[in-house]
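Read through the structure below, which is laid out as structure tokens, and then see the notes.
The values are calculated or read from the model by the stated rules, or taken from the named source; none is laboratory data. None of these values were measured; they are calculated from a predicted model. A quick note on method: Cβ atoms are made from the backbone with ideal geometry, for glycine too, and the neighbour counts reach across all protein chains shown.
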Amino acid sequence: MQNAFYFNTINSIGGIETWLYNISQLYGDKYDINIFYRKADPKQLERLSKKAHCYQFFGQKIKCKKAILCYNTDIMDYIEADEYCQFLHGDYKALGRLPMLDKRI
């Protein structure tokens, strides 16, 4: 597996959903795009599946060249990757939260 993206919940609409859709549309024909999730909106999965492989995450081990995470890093113990990337976006201070960070990234 080349590129493994993970997001805990894929909703029917939102910024993450748009980001994943745009990545799959732009690069899905040229690169191996794999999206892992715990919960997902069925229509959004149908949309993403046209250019990316989508897998529900149940605790299986994932081996890939590049692991791409956003603020959900709870999957880290299950991924073996050559490279780990994390995209953080949003105003965490305004949300009163700290982003999930992992020393392996």
* Inside region 6-105, counting only strands (runs of 3 or more DSSP E) that do not spill past its ends, which hold 1 or more residues that are more than 12 Å from the chain's Cα centre (by Cα), on the phi < 0 side of the Ramachandran plot and surrounded by fewer than 11 Cβ atoms within 10 Å (Cβ to Cβ)? -> 79-86
* Residues of region 43-70 that turn out to be free of Cβ contacts under 8 Å to residues at least 12 places away in the same chain and under 18 Å from Asn22 (Cα atoms), as a count -> 2
* **Those residues of region 19-62 which are among the acidic types (Asp, Glu) and touching an Asp or Glu at 6+ places or on another chain (Cβ under 9 Å), in sequence order** => Asp41
* So is Gly28 of a type outside the set (S, T, N, Q) and over 28 Å from Leu98 (Cβ atoms) or not? -> yes
* Structure fact -> Conditions (1) hydrophobic (A, V, I, L, M, F, W, C); (2) modelled with pLDDT under 95; (3) in contact with a helix residue (DSSP H, G or I) (Cβ under 8 Å, 6 or more places away or on another chain) -> Leu101 fails only (3)
